[in-house]
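The values are calculated or read from the model by the stated rules, or taken from the named source; none is laboratory data. What you see is a predicted model, and the numbers here were worked out from it, not measured in a lab. Here the Cβ is made from the backbone with ideal geometry for all residues, glycine too, and neighbour counts use every protein chain on show. When the accessible area is computed, the model is the full protein with side chains, heavy atoms only, and any ligands, DNA or RNA have been set aside. Shrake-Rupley method; radii C 1.70, N 1.55, O 1.52, S 1.80 Å.
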Amino acid sequence: MDEEDNNFASQSSPTEEPPQTAELIRALQELENAASGDSALRKRISSLPAEVQDASLLHRITDKESGDRLSGLVEEACMLLADYSGRLAAEVDDRRQLMRTLTLFLHSQKDGLAQNEQKLEEYKRKLARVTQVRKELRSRLSNLPGTR
């Protein structure tokens, strides 16, 4: 387990209830629509004109009309990037929360597995004892008078 996993594990309280499977499925499905998966928006951002992203190209503006047009593009790009950055920040928070939730779930599954393994061994021993009793009872019954 790396240091980041340990940090997430230590942030959860030992008495915190493990998540239900349905909660995990819902959280994972919500990530399918996450900002990082929005290829259309990423394509739109990558196709922004160079002048919008590089102040050294502002010397190309030679008249008010082209300056106003670029100003509109810059404003649109700012809004687009601010929105996308906000969505990405929310996605990062959601993924961190999901990691904590998955850590809790994993710990609960490991605990449940250990308990079930112990029960399995206990019931195997009981089965062996009952099987032995059955074998001895059959032998005893076959040796009683009036059997055959």
Here are Leu57, Leu106: which of them is surrounded by 12 or more Cβ atoms within 10 Å (Cβ to Cβ), at pLDDT below 95, within 21 Å of the chain's Cα centre (by Cα) and among the hydrophobic types (A, V, I, L, M, F, W, C)?
-> Leu106
Would you please name the residue that is nearest to Ala90 (Cα to Cα), looking only at residues in segment 35-61 that are among the small types (Gly, Ala, Ser) and without any contact (Cβ under 8 Å) to a residue 40 or more places away in the chain?
-> Gly37
Number of the exception - Glu32 against (1) closer than 30 Å to His107 by Cβ; (2) in contact with a helix residue (DSSP H, G or I) (Cβ under 8 Å, 6 or more places away or on another chain); (3) of a type outside the set (Lys, Arg); (4) free of Cβ contacts under 8 Å to residues at least 24 places away in the same chain | (2)
Regarding Leu31, is this residue under 20 Å from Gly86 (Cα atoms), open to solvent by less than 50 Å² (accessible area, probe 1.4 Å), touching an Asp or Glu at 6+ places or on another chain (Cβ under 8 Å) and not small (Gly, Ala, Ser)?
-> yes
Say whether the condition of being among the hydroxyl-bearing types (Ser, Thr, Tyr), surrounded by 13 or more Cβ atoms within 10 Å (Cβ to Cβ) and in a helix (DSSP H, G or I) is met by at least one residue in segment 73-91.
-> yes
Considering each residue of segment 94-103, count those that are under 13 Å from Glu30 (Cα atoms) and surrounded by fewer than 16 Cβ atoms within 10 Å (Cβ to Cβ), and give that number.
-> 3
